[in-house]
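One structure is given below, encoded as structure tokens.
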Amino acid sequence: MTQYLLAIHIGPMQSFIAAARRTRDLWFGSWLMSELSKATAKAIEDIEGTKLIFPTPTK
């Protein structure tokens, strides 16, 4: 069976978060990227026959 490795990069994060003008903007930008990353990792993990290498999913 052929195995593949998929690498996903979400960025640039620094400029996205640096655009925050208030503390709540900074918090929301960080939270949003965290949630998008978690949703992406969960979607990949839910595909039959796939295994997430990093980050390790918490169950």
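The values are calculated or read from the model by the stated rules, or taken from the named source; none is laboratory data. Fair warning: this is a prediction, and the values are worked out from it, not measured in the lab. As a convention, Cβ positions derive from the backbone with ideal geometry for all residues, glycine included, and neighbour counts pool all protein chains shown.
Contact map, the stretch 20-32: first residue of a type in the set (Gly, Ala, Ser), second residue modelled with pLDDT under 90 and assigned to a helix (DSSP H, G or I), Cβ cut-off under 7 Å, separation 6 or more or different chains; pairs are Ala20/Leu26; Ala20/Gly29; Gly29/Phe16; Gly29/Ile17; Ser30/Ile17. Search the stretch 2-44 for residues being among the polar types (S, T, N, Q) and part of a loop (DSSP other than H, G, I, E, B), and hand back the single one that is nearest to Phe54 (Cα to Cα). Among those residues, the one meeting the criterion is Gln3. Residues that are surrounded by 10 or more Cβ atoms within 10 Å (Cβ to Cβ), within 21 Å of Ala41 (Cα to Cα), modelled with pLDDT of 80 or more and touching a helix residue (DSSP H, G or I) at 6+ places or on another chain (Cβ under 8 Å) within the stretch 8-30 comprise Gly29, Ser30, listed in sequence order.
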